[in-house]
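Reviewing the structure listed below.
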Amino acid sequence: MAKERWSSKLGIIMAVAGSAIGLGNFLRFPVQAAKHGGGAFLIPYFIALLLLGIPLMWIEWTIGRFGGGFGHSTSPGIFQTLCNKNRFIKYFGVIGIFAPLVIFIYYVYIESWLLGYSFFALTGLYNSCTTEEAMTLFLRGYQGLARNNFFSSLRPAYFFFLVTFALNLLILYQGVQRGIERVCKYAMPVLFFLGIILLVRVFTLGTPNPQFPENSIYNGLGFLWNPDWSALRSGRVWLAAAGQIFFTLSCGIGIILTYASYLRREDDVVLSGLSAVATNEVAEVILGGSIVIPAAFAFFGPAGLARIAQGGSFNLGFVTMPLVLQRLGFGQAFGFIWFGLLFLAGITSSISLAQPAIAFLEDEFNLGRRRTLALFAAVTFLLTNAVIFFMGRGVLDEMDFWGGTFCLVLFATIETILFAWVFGIDRAWTEMHAGSDITLPRFYRFIIKYVTPAFLLAILGFWLVQEGMPVIRLHGVPAGNVPYVTATRVLLLLIFAGLAWLVKKSWDRRLKAGAEEEGRRI
Ligand code: PFF
């Protein structure tokens, strides 16, 4: 089967930007920034962008295109082409299919809430919820965690989940060029357009509550942008900033690598990778940061913002923002724009999360699109149901911890060392610049070889001690949730083992096919 290709440079940039721009930009970023002191967060954030995010983006684009040249689209095969001597290398690549798959399982459910809420905003269903308590109860009712006047069962949530899941499959069924590329090319400009409408509205709010003149949009922006250098001494802030960079750029996980495998060797990666990063950063810092933070600051003040941030991303997206938007004229329309924007951001990310698993089955087992999708749908559907029905039991958080945090840092560290040290920085640098529209300053060679891996190892070690170990030891998990969390862990382990077994099988097949070919020639 001929390998799929992007139809244009703009197409892949939009697809990578589509993957990167997601709920992380509009919900996770503002919460992280507010939690870690606004201006105090942005300095480590930008340093992590320069020393981790951008180099990782280039690394993934380069090795993806390189491995694609050998007919591979996923990390097991791509890692193996980087180091042919060691047969074990491909098993590290299992993480690059496993982690996106795990994130997909819960991400697609959250995405479906956005579709539901777009509908509720437009029809004014939650209009009567004017306090935080009422809006929280509305959300809990929707999630099946409480009964209220609006929802007596999980049926509405399940309906929107089915629609969202089917939409994802439909796009994926069309393939890379006709599905992913086409959707992202339309969705991204629409998303920016909606974001700008919200931004203008928020910026023209001034001081919405005259009793508290200091709670203004202007001071909200100051909270985010006035730097606080003292925070650089806090390890936690660095960890949070680096984590946000990985998550928002979708890098260090095997997705960009798969997208880049559909490039030709003469296609540029350096400038295109940078353009995708720039697009994501505009969406994150300018749109994500300047809509949500100043709006919440103006309505709830600095103390309110801090409390909201402690409540997490869901609280901000599904409780605070609808309350804020409701208080504006044309609140229903603005609510619809907000949730519509988030849904577009979500779907262009979830299709990217699914692609490595699909590409793996298609490439390595020649399963064909229809059978591949049927298999993918069966497995993910079953697992998302566990997330839906055991919502309050810590299943989602557990998946987020392993898929969305631990594997990200681990995979990023492995691929950087493979690229800069095993493949070798000289070959790496040449490969990166093949077909390139720009030449990078040489100090980036030094950064990729020494600074990025050292930074990653430090983050990995520090994170394991600070945050990893307590979670691994089930610290703070309510006793009632322990069986569910443990079952999730066992399930994840089985998925990982299953994928590793599939990798082994596919290589055995390859070897056998190679030997038969050899035999025929003799
Ligand atoms: N980058 C996306 C976001 O910011 O929401 C989400 C995401 C996609 C995270 C893919 C990780 C990933 F591998």
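Quick note: the coordinates plus some simple rules give every number you see, no bench work behind them. Here the structure is a predicted model, which means the values were calculated and not measured. Here the Cβ is made from the backbone with ideal geometry for all residues, glycine too, and neighbour counts use every protein chain on show.
Placing +1 on the Cβ of every Lys and Arg and -1 on the Cβ of every Asp and Glu, with no other charges, gives the stretch 164-279 a dipole of roughly 220 debye about its Cα centre. Taking the Kirkwood radius as Rh and the Cα radius of gyration as Rg, the stretch 383-522 has a ratio of Rg/Rh equal to 1.12. Could you compute how fast the chain diffuses translationally, taking Rh as the Kirkwood radius over C-alpha pairs and applying Stokes-Einstein at 10 °C with viscosity 1.306 mPa s? Give it in µm² per second. Roughly 67 µm²/s, to the nearest whole number.
Ordering S128, P441, S506 by the projection of their Cα atoms onto the charge dipole of the chain, which places +1 on the Cβ of Lys and Arg and -1 on the Cβ of Asp and Glu, puts S506 at the extreme positive end.
Beyond 32 Å in Cα-Cα separation lie the following of the pairs K90/K449; K9/K90; K85/K449; K185/K505; K449/K512: K185/K505; K449/K512.
Dividing the mean sequence gap of close Cα pairs (under 8 Å, 6+ apart) by how many residues the stretch 363-520 holds gives a relative contact order of 34 percent. Summing Cβ point charges (Lys, Arg +1; Asp, Glu -1) relative to the Cα centre of the chain gives a dipole of roughly 900 debye. Three semi-axes describe the equivalent ellipsoid of the stretch 447-522; taken as square roots of 5 times the Cα gyration tensor eigenvalues and ordered largest first, they are 40, 25, 5 Å.
Which of the listed residues, I291, V102, L50, is farthest toward the dipole's positive end in the chain, when Lys, Arg count +1 and Asp, Glu count -1 at the beta-carbon? Working it through, the farthest residue towards the positive pole turns out to be V102.
Rounded to the nearest 20 debye, what is the charge dipole size of the stretch 99-189 about its Cα centre when +1 sits on each Lys and Arg Cβ and -1 on each Asp and Glu Cβ?
Taking the Cα centre of the stretch 99-189 as origin, the dipole is about 240 debye.
Between L492, P227, S153, the Cα set farthest toward the positive side of the dipole of the chain (charges on each charged residue's Cβ, about the Cα centre) is that of L492. Shape analysis of the stretch 238-333 based on the Cα gyration tensor places the equivalent ellipsoid semi-axes at 35, 16, 12 Å, largest first.
Kirkwood radius for the stretch 175-244, taken over all pairs of different Cα atoms as the inverse mean of 1/r, rounds to 16.1 Å. With 5 Å bins beginning at zero, the pair-distance distribution over Cα atoms of the stretch 122-188 amounts to 3, 16, 16, 16, 11, 10, 12, 10, 4, 0 %.
Exposure proxy check: V202, V451, V482 ranked by fewest other beta carbons within 10 Å?
On the way: V202 23, V451 16, V482 13.
Exposure proxy ranking, most exposed first: V482, V451, V202.
The C-alpha atoms of the stretch 259-301 occupy a region whose extents along the principal axes are 52, 16, 8 Å, arranged from largest to smallest.
Summed over qualifying helices (DSSP H, 4 residues or more, each -39500 (n - 2.57)) and divided by its residue number, the chain shows a 222 nm mean residue ellipticity of -21500 deg cm²/dmol. Size descriptors for the stretch 322-413, from the alpha-carbon set: Rg then Dmax equal 18.0, 55 Å. Going by neighbour counts of Cβ atoms within 10 Å, the residues E415, E517 line up, fewest first, as E517, E415. Across the alpha-carbon atoms of the stretch 29-185, the computed radius of gyration and Dmax are 21.5, 65 angstrom. What's the whole-number percent of alpha carbon pairs in the stretch 416-480 lying beyond 20 angstrom? Every Cα pair in the stretch 416-480 considered, those over 20 Å come to 49 percent.
By counting other Cβ atoms within 10 Å of each Cβ, how are C184, C407, C83 ranked from fewest to most? Ascending Cβ contact count within 10 Å gives the list C83, C407, C184.
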